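Working notes, beginning with the structure itself.
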Amino acid sequence: MAVSRRAALAVGGVAAGASLLTALVMAPLVVGTAAAAVGGCSATAAIQSQWGSGTAGGEIVTVTVANTSAQAATRWTVTWAATGQVVSAWNATVNVSGGTATAVDAVYNGSLAPGASTTFGMQLAGTGAAPAMSCANDAIPPTSGSPSATSSAGADVSVTDADAGRTVTLLIGQKLRVSLPATYRPATAKGSGLSLLSSSGGFPTGQPVAALHRAVAPGSIDLSSQTDYACLHATPPCAVPIALWAVHVQVVDVPPGGGQTVTVTTADNGRALSLRVGDTLVVSLPSQYDPPPSNTGGVLVQRDVSGGYPTNQPLVVHYVAAAPGQAEVTTNTDYPCDHDPTPCPGPIMRWTIHVTVTA
(Lines give C-alpha, C1' and ligand atoms only; values in the text may rest on other atoms or scores of the structure.)
Protein backbone atom coordinates (compact mmCIF):
# COMPACT_ATOMS: atom_id res chain seq x y z
CA MET A 1 0.00 0.00 0.00
CA ALA A 2 1.44 3.39 -0.97
CA VAL A 3 0.99 6.45 1.25
CA SER A 4 2.29 10.01 1.03
CA ARG A 5 5.82 10.46 2.35
CA ARG A 6 4.58 13.36 4.52
CA ALA A 7 1.62 11.36 5.80
CA ALA A 8 3.48 8.10 6.46
CA LEU A 9 3.78 7.05 10.07
CA ALA A 10 7.32 6.65 11.40
CA VAL A 11 7.99 3.10 12.52
CA GLY A 12 10.51 2.70 15.27
CA GLY A 13 12.05 0.22 14.76
CA VAL A 14 31.17 -16.11 39.53
CA ALA A 15 34.16 -15.94 37.79
CA ALA A 16 34.42 -16.41 41.52
CA GLY A 17 36.79 -19.09 42.58
CA ALA A 18 34.91 -22.03 44.03
CA SER A 19 35.80 -23.12 47.54
CA LEU A 20 35.95 -26.85 47.03
CA LEU A 21 35.37 -27.95 50.61
CA THR A 22 39.00 -28.59 51.44
CA ALA A 23 38.01 -29.96 54.83
CA LEU A 24 36.35 -32.95 53.15
CA VAL A 25 38.03 -35.92 51.52
CA MET A 26 36.98 -36.01 47.88
CA ALA A 27 37.44 -38.73 45.33
CA PRO A 28 38.46 -37.11 42.00
CA LEU A 29 36.33 -38.24 39.11
CA VAL A 30 35.99 -37.24 35.48
CA VAL A 31 32.65 -38.54 34.26
CA GLY A 32 31.13 -36.60 31.40
CA THR A 33 28.02 -36.58 29.28
CA ALA A 34 28.02 -34.75 25.97
CA ALA A 35 24.90 -33.15 24.59
CA ALA A 36 24.10 -33.26 20.92
CA ALA A 37 24.80 -30.01 19.10
CA VAL A 38 21.40 -28.34 19.01
CA GLY A 39 20.83 -24.71 18.06
CA GLY A 40 24.54 -24.26 17.20
CA CYS A 41 25.70 -25.23 20.68
CA SER A 42 26.85 -28.26 22.69
CA ALA A 43 27.28 -28.76 26.43
CA THR A 44 29.32 -31.45 28.18
CA ALA A 45 29.13 -32.03 31.93
CA ALA A 46 31.98 -33.66 33.86
CA ILE A 47 32.05 -34.58 37.54
CA GLN A 48 35.34 -33.32 38.94
CA SER A 49 34.95 -34.61 42.49
CA GLN A 50 32.44 -36.26 44.84
CA TRP A 51 32.17 -36.80 48.58
CA GLY A 52 29.78 -38.80 50.71
CA SER A 53 26.99 -40.75 49.09
CA GLY A 54 23.38 -40.23 48.10
CA THR A 55 21.59 -37.18 49.45
CA ALA A 56 24.19 -36.83 52.22
CA GLY A 57 26.98 -36.24 49.71
CA GLY A 58 27.84 -33.66 47.11
CA GLU A 59 29.79 -33.11 43.92
CA ILE A 60 31.55 -30.52 41.82
CA VAL A 61 30.50 -30.43 38.16
CA THR A 62 32.24 -28.55 35.35
CA VAL A 63 30.31 -27.87 32.14
CA THR A 64 32.01 -27.09 28.84
CA VAL A 65 29.89 -25.04 26.43
CA ALA A 66 30.99 -24.95 22.77
CA ASN A 67 29.76 -22.96 19.79
CA THR A 68 29.29 -25.59 17.08
CA SER A 69 27.90 -23.11 14.57
CA ALA A 70 29.85 -21.53 11.72
CA GLN A 71 28.66 -18.16 13.03
CA ALA A 72 29.66 -16.19 16.13
CA ALA A 73 27.36 -16.29 19.16
CA THR A 74 26.80 -13.61 21.79
CA ARG A 75 24.94 -15.66 24.41
CA TRP A 76 24.14 -19.25 25.38
CA THR A 77 21.70 -21.16 27.56
CA VAL A 78 22.14 -24.66 29.01
CA THR A 79 19.26 -26.67 30.52
CA TRP A 80 18.99 -30.04 32.26
CA ALA A 81 16.68 -32.01 34.55
CA ALA A 82 17.54 -30.94 38.10
CA THR A 83 17.67 -33.93 40.45
CA GLY A 84 19.27 -32.08 43.38
CA GLN A 85 19.92 -28.65 44.78
CA VAL A 86 22.40 -26.30 43.08
CA VAL A 87 24.40 -25.10 46.09
CA SER A 88 26.52 -22.58 44.18
CA ALA A 89 27.67 -21.78 40.65
CA TRP A 90 30.42 -19.77 38.99
CA ASN A 91 30.90 -18.36 35.47
CA ALA A 92 27.13 -18.61 34.86
CA THR A 93 23.81 -17.69 36.44
CA VAL A 94 21.92 -20.86 37.38
CA ASN A 95 18.23 -21.07 38.32
CA VAL A 96 16.02 -24.07 39.05
CA SER A 97 12.29 -23.95 38.33
CA GLY A 98 9.80 -26.79 38.07
CA GLY A 99 12.48 -29.48 38.07
CA THR A 100 14.44 -27.85 35.24
CA ALA A 101 17.76 -26.10 35.80
CA THR A 102 18.80 -23.28 33.47
CA ALA A 103 22.30 -21.81 33.20
CA VAL A 104 22.79 -18.52 31.36
CA ASP A 105 26.21 -17.16 30.39
CA ALA A 106 27.91 -14.51 32.49
CA VAL A 107 28.41 -11.05 31.00
CA TYR A 108 32.04 -11.91 30.13
CA ASN A 109 31.75 -15.38 28.54
CA GLY A 110 28.66 -15.27 26.34
CA SER A 111 30.48 -14.30 23.15
CA LEU A 112 31.96 -17.36 21.43
CA ALA A 113 33.57 -17.48 18.01
CA PRO A 114 32.84 -20.50 15.79
CA GLY A 115 34.43 -23.55 17.44
CA ALA A 116 35.26 -21.68 20.65
CA SER A 117 34.24 -22.91 24.09
CA THR A 118 33.96 -21.77 27.69
CA THR A 119 33.23 -23.45 31.03
CA PHE A 120 31.12 -22.91 34.10
CA GLY A 121 31.02 -24.85 37.35
CA MET A 122 28.57 -25.88 40.05
CA GLN A 123 28.44 -27.50 43.44
CA LEU A 124 25.48 -29.89 43.59
CA ALA A 125 23.91 -31.44 46.67
CA GLY A 126 23.87 -35.25 46.52
CA THR A 127 25.83 -37.58 44.29
CA GLY A 128 24.94 -39.12 40.95
CA ALA A 129 25.86 -39.34 37.30
CA ALA A 130 26.79 -36.23 35.37
CA PRO A 131 23.55 -34.62 34.12
CA ALA A 132 22.62 -34.85 30.45
CA MET A 133 22.40 -31.30 29.12
CA SER A 134 20.91 -29.44 26.18
CA CYS A 135 22.30 -26.18 24.88
CA ALA A 136 21.27 -23.36 22.55
CA ASN A 137 22.83 -20.06 21.54
CA ASP A 138 22.00 -17.12 19.28
CA ALA A 139 24.35 -18.05 16.43
CA ILE A 140 22.29 -17.57 13.28
CA PRO A 141 22.88 -19.37 9.99
CA PRO A 142 23.83 -17.00 7.16
CA THR A 143 20.97 -15.80 5.01
CA SER A 144 21.49 -15.63 1.26
CA GLY A 145 22.42 -12.12 0.19
CA SER A 146 22.76 -10.85 3.75
CA PRO A 147 26.36 -11.07 5.02
CA SER A 148 25.45 -9.26 8.22
CA ALA A 149 22.55 -11.53 9.16
CA THR A 150 24.41 -12.77 12.21
CA SER A 151 24.31 -9.39 13.93
CA SER A 152 22.55 -9.45 17.29
CA ALA A 153 22.37 -5.70 17.72
CA GLY A 154 18.59 -5.82 17.89
CA ALA A 155 18.44 -8.76 20.30
CA ASP A 156 18.56 -6.60 23.42
CA VAL A 157 15.82 -4.22 24.55
CA SER A 158 16.23 -0.66 25.83
CA VAL A 159 13.73 1.35 27.87
CA THR A 160 13.78 5.03 28.82
CA ASP A 161 11.56 7.43 30.76
CA ALA A 162 9.32 7.57 27.67
CA ASP A 163 8.47 3.86 28.15
CA ALA A 164 6.67 4.34 31.47
CA GLY A 165 3.77 1.89 31.67
CA ARG A 166 5.11 -0.34 28.89
CA THR A 167 5.17 -4.15 29.08
CA VAL A 168 8.34 -5.81 27.74
CA THR A 169 8.69 -9.52 26.98
CA LEU A 170 12.18 -11.06 27.00
CA LEU A 171 13.51 -14.50 26.19
CA ILE A 172 15.95 -16.06 28.62
CA GLY A 173 19.40 -14.71 27.78
CA GLN A 174 18.27 -11.35 26.44
CA LYS A 175 19.43 -8.13 28.08
CA LEU A 176 17.37 -5.14 29.15
CA ARG A 177 19.01 -1.70 29.28
CA VAL A 178 17.41 0.97 31.47
CA SER A 179 18.31 4.61 30.75
CA LEU A 180 16.71 7.38 32.83
CA PRO A 181 17.61 11.04 33.50
CA ALA A 182 19.84 11.87 36.46
CA THR A 183 16.84 13.16 38.41
CA TYR A 184 15.52 9.58 38.79
CA ARG A 185 16.54 7.16 41.51
CA PRO A 186 18.13 3.87 40.37
CA ALA A 187 15.31 1.52 39.32
CA THR A 188 14.38 -1.30 41.70
CA ALA A 189 13.07 -4.70 40.63
CA LYS A 190 10.16 -6.54 42.25
CA GLY A 191 9.82 -10.16 41.15
CA SER A 192 12.13 -12.82 39.78
CA GLY A 193 13.62 -13.58 36.39
CA LEU A 194 16.11 -10.71 35.93
CA SER A 195 19.74 -10.56 37.04
CA LEU A 196 21.30 -7.11 37.50
CA LEU A 197 24.62 -6.98 35.63
CA SER A 198 25.54 -3.35 36.22
CA SER A 199 24.05 -0.12 37.56
CA SER A 200 25.27 3.46 37.81
CA GLY A 201 24.06 7.02 38.20
CA GLY A 202 20.76 8.37 39.42
CA PHE A 203 19.93 10.73 42.28
CA PRO A 204 21.98 12.01 44.07
CA THR A 205 25.02 11.29 41.85
CA GLY A 206 24.08 13.84 39.20
CA GLN A 207 24.64 11.20 36.51
CA PRO A 208 21.98 9.55 34.29
CA VAL A 209 20.67 6.19 35.42
CA ALA A 210 22.25 3.37 33.39
CA ALA A 211 21.42 -0.22 34.33
CA LEU A 212 21.85 -3.52 32.49
CA HIS A 213 19.74 -6.58 33.35
CA ARG A 214 19.78 -10.10 31.89
CA ALA A 215 16.73 -12.38 31.68
CA VAL A 216 17.78 -15.57 33.48
CA ALA A 217 14.54 -17.41 34.37
CA PRO A 218 10.83 -17.33 33.53
CA GLY A 219 9.02 -14.83 35.71
CA SER A 220 7.25 -11.52 36.06
CA ILE A 221 9.13 -8.42 37.18
CA ASP A 222 8.17 -4.81 37.84
CA LEU A 223 10.95 -2.25 37.44
CA SER A 224 10.12 1.07 39.10
CA SER A 225 11.69 4.40 39.95
CA GLN A 226 10.74 7.97 40.75
CA THR A 227 12.28 11.41 40.48
CA ASP A 228 14.10 12.88 43.46
CA TYR A 229 15.64 16.27 44.24
CA ALA A 230 17.85 17.58 47.04
CA CYS A 231 15.24 20.14 48.06
CA LEU A 232 12.76 17.34 48.82
CA HIS A 233 15.02 16.34 51.71
CA ALA A 234 15.28 19.85 53.16
CA THR A 235 13.20 21.17 56.07
CA PRO A 236 10.65 22.14 54.98
CA PRO A 237 10.71 20.18 51.69
CA CYS A 238 10.10 21.95 48.40
CA ALA A 239 6.92 21.48 46.40
CA VAL A 240 8.50 19.89 43.32
CA PRO A 241 6.18 17.26 41.77
CA ILE A 242 7.42 13.66 41.79
CA ALA A 243 7.23 11.65 38.57
CA LEU A 244 6.74 7.89 38.86
CA TRP A 245 8.19 5.43 36.33
CA ALA A 246 7.45 1.72 35.97
CA VAL A 247 7.96 -0.97 33.33
CA HIS A 248 6.55 -4.49 33.54
CA VAL A 249 8.88 -7.24 32.32
CA GLN A 250 7.78 -10.76 31.41
CA VAL A 251 10.54 -13.35 30.93
CA VAL A 252 9.57 -16.43 28.93
CA ASP A 253 11.42 -19.63 28.12
CA VAL A 254 10.90 -20.58 24.48
CA PRO A 255 13.52 -23.01 23.13
CA PRO A 256 15.21 -21.63 19.98
CA GLY A 257 14.28 -23.72 16.98
CA GLY A 258 11.62 -25.51 19.00
CA GLY A 259 9.07 -25.41 16.19
CA GLN A 260 8.69 -24.63 12.52
CA THR A 261 10.38 -21.70 10.79
CA VAL A 262 8.28 -19.43 8.56
CA THR A 263 9.95 -16.87 6.27
CA VAL A 264 8.06 -13.89 4.84
CA THR A 265 9.13 -11.45 2.11
CA THR A 266 7.74 -8.43 0.28
CA ALA A 267 5.35 -10.78 -1.53
CA ASP A 268 3.65 -11.52 1.81
CA ASN A 269 2.52 -7.92 2.39
CA GLY A 270 -0.90 -8.01 4.04
CA ARG A 271 -0.73 -11.75 4.72
CA ALA A 272 -2.27 -13.34 7.83
CA LEU A 273 -0.08 -16.00 9.45
CA SER A 274 -0.82 -18.66 12.05
CA LEU A 275 2.05 -19.75 14.31
CA ARG A 276 2.40 -21.88 17.42
CA VAL A 277 4.38 -20.96 20.53
CA GLY A 278 8.01 -21.84 19.85
CA ASP A 279 7.86 -21.23 16.09
CA THR A 280 10.38 -18.90 14.45
CA LEU A 281 9.32 -16.08 12.12
CA VAL A 282 11.94 -14.71 9.70
CA VAL A 283 11.23 -11.36 8.02
CA SER A 284 13.39 -10.95 4.90
CA LEU A 285 12.99 -7.61 3.09
CA PRO A 286 15.09 -5.40 0.77
CA SER A 287 17.60 -2.96 2.21
CA GLN A 288 15.35 0.09 1.75
CA TYR A 289 12.98 -1.01 4.54
CA ASP A 290 13.30 0.27 8.12
CA PRO A 291 13.86 -2.31 10.87
CA PRO A 292 10.43 -2.94 12.43
CA PRO A 293 9.74 -2.09 16.09
CA SER A 294 10.82 -4.72 18.62
CA ASN A 295 7.70 -4.44 20.78
CA THR A 296 4.85 -6.70 19.63
CA GLY A 297 2.97 -6.94 22.91
CA GLY A 298 4.82 -10.05 24.07
CA VAL A 299 3.26 -12.29 21.42
CA LEU A 300 6.41 -12.22 19.29
CA VAL A 301 9.88 -11.66 20.74
CA GLN A 302 12.48 -10.13 18.44
CA ARG A 303 15.66 -12.20 18.79
CA ASP A 304 17.86 -10.28 16.35
CA VAL A 305 17.81 -7.80 13.48
CA SER A 306 20.34 -6.93 10.79
CA GLY A 307 20.45 -4.73 7.72
CA GLY A 308 17.70 -2.43 6.50
CA TYR A 309 17.86 1.34 6.08
CA PRO A 310 20.42 2.97 6.29
CA THR A 311 22.90 0.03 6.22
CA ASN A 312 22.34 -0.73 2.52
CA GLN A 313 22.10 -4.42 3.47
CA PRO A 314 19.04 -6.67 3.12
CA LEU A 315 16.80 -6.53 6.20
CA VAL A 316 16.61 -9.82 8.15
CA VAL A 317 14.69 -10.07 11.43
CA HIS A 318 14.11 -13.20 13.53
CA TYR A 319 11.14 -13.44 15.91
CA VAL A 320 10.12 -16.23 18.26
CA ALA A 321 6.41 -16.86 18.90
CA ALA A 322 6.40 -16.49 22.69
CA ALA A 323 2.77 -16.33 23.82
CA PRO A 324 -0.74 -16.89 22.43
CA GLY A 325 -2.31 -13.78 20.93
CA GLN A 326 -2.28 -11.52 17.90
CA ALA A 327 0.42 -9.16 16.68
CA GLU A 328 1.37 -7.10 13.64
CA VAL A 329 4.84 -6.64 12.18
CA THR A 330 4.93 -3.38 10.23
CA THR A 331 7.61 -1.35 8.48
CA ASN A 332 8.00 1.28 5.74
CA THR A 333 10.45 1.92 2.96
CA ASP A 334 12.98 4.65 3.68
CA TYR A 335 15.50 6.62 1.58
CA PRO A 336 18.14 9.26 2.42
CA CYS A 337 16.20 11.96 0.56
CA ASP A 338 13.22 11.37 2.88
CA HIS A 339 15.26 13.08 5.61
CA ASP A 340 16.13 16.20 3.63
CA PRO A 341 14.62 19.54 4.78
CA THR A 342 12.35 19.19 1.76
CA PRO A 343 11.62 15.45 1.43
CA CYS A 344 11.80 13.99 -2.04
CA PRO A 345 8.51 13.26 -3.79
CA GLY A 346 7.15 9.78 -4.27
CA PRO A 347 5.28 7.16 -2.27
CA ILE A 348 6.44 5.34 0.84
CA MET A 349 5.58 1.66 0.69
CA ARG A 350 4.11 0.20 3.86
CA TRP A 351 4.58 -3.52 4.62
CA THR A 352 2.52 -5.39 7.22
CA ILE A 353 1.79 -8.96 8.24
CA HIS A 354 -0.83 -10.11 10.76
CA VAL A 355 0.24 -12.93 13.07
CA THR A 356 -1.92 -15.14 15.26
CA VAL A 357 -0.06 -17.32 17.76
CA THR A 358 -1.70 -20.32 19.42
CA ALA A 359 -0.44 -22.55 22.24
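The values are calculated or read from the model by the stated rules, or taken from the named source; none is laboratory data. What you are looking at is a predicted structure, and each value in this text was computed from that prediction instead of being measured. With ideal geometry, Cβ positions are generated from the backbone for all residues, glycine too; neighbour counts draw on all protein chains shown. These accessible areas exclude ligands, DNA and RNA; they are computed on the full protein's heavy atoms, side chains included. Shrake-Rupley method; radii C 1.70, N 1.55, O 1.52, S 1.80 Å.
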Practice task
For an R0 of 22 angstrom, estimate the FRET efficiency from the Cβ-Cβ distance between Ser158 and His354 and round to the nearest 0.05.
Solution key: 0.25
Practice task
Using only protein heavy atoms and a 1.4 Å probe, report how much of Ser111 is accessible, in Å² to the nearest 10.
Solution key: 90 Å²
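Between Thr205 and Glu328, what is 0.36 nm times their sequence separation minus the Cα-Cα distance? Round to one decimal in nm. If you can, show how the numbers build up before the last one.
Working: separation 123, 0.36 × 123 = 44.28 nm, distance 4.12 nm.
Full extension from Thr205 to Glu328 adds 40.2 nm.
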Practice task
Show the residues, 5+ positions off or on another chain, whose built amide H is closer than 5 Å to the amide H of Ala82.
Solution key: Thr100, Ala101
Exercise for the section: Rounded to the nearest 0.05, what FRET efficiency do Thr167 and Ala70 give with R0 = 30 Å and r taken as the Cβ-Cβ distance? Could you check? Expected result: 0.25
Problem - Spin-label model distance (nm) - His233 vs Ser198, 7 Å beyond Cα toward Cβ - result: 2.6 nm
Practice task
Please find the FRET efficiency linking Thr100 to Ser53, where r is the Cβ-Cβ separation and R0 is fixed at 22 Å, and quote it to the nearest 0.05.
Solution key: 0.30
Completion exercise
Order by accessible surface, 1.4 Å probe, largest leading, for residues Tyr309, Tyr108 comes to Tyr108, Tyr309
Problem - Potential extension, Thr119-Val87 segment - 0.36 nm per residue separation minus Cα distance - result: 9.8 nm
Fill in the blank from the handout: The local net charge around Tyr309, scoring Lys/Arg +1 and Asp/Glu -1 for residues other than Tyr309 whose Cβ lies under 10 Å from its Cβ, equals -3
Problem - Alpha carbon convex hull of segment 218-302, projected area averaged over orientations, nm² - result: 9.7 nm²
Exercise for the section: Using a 1.4 angstrom probe on the protein heavy atoms only, line up Ser294, Ser42 by accessible area, largest first. Expected result: Ser294, Ser42
Handout entry: Gained length - Gln260 relative to Asp222, 0.36 nm times residue gap less alpha-carbon distance
Key = 10.5 nm
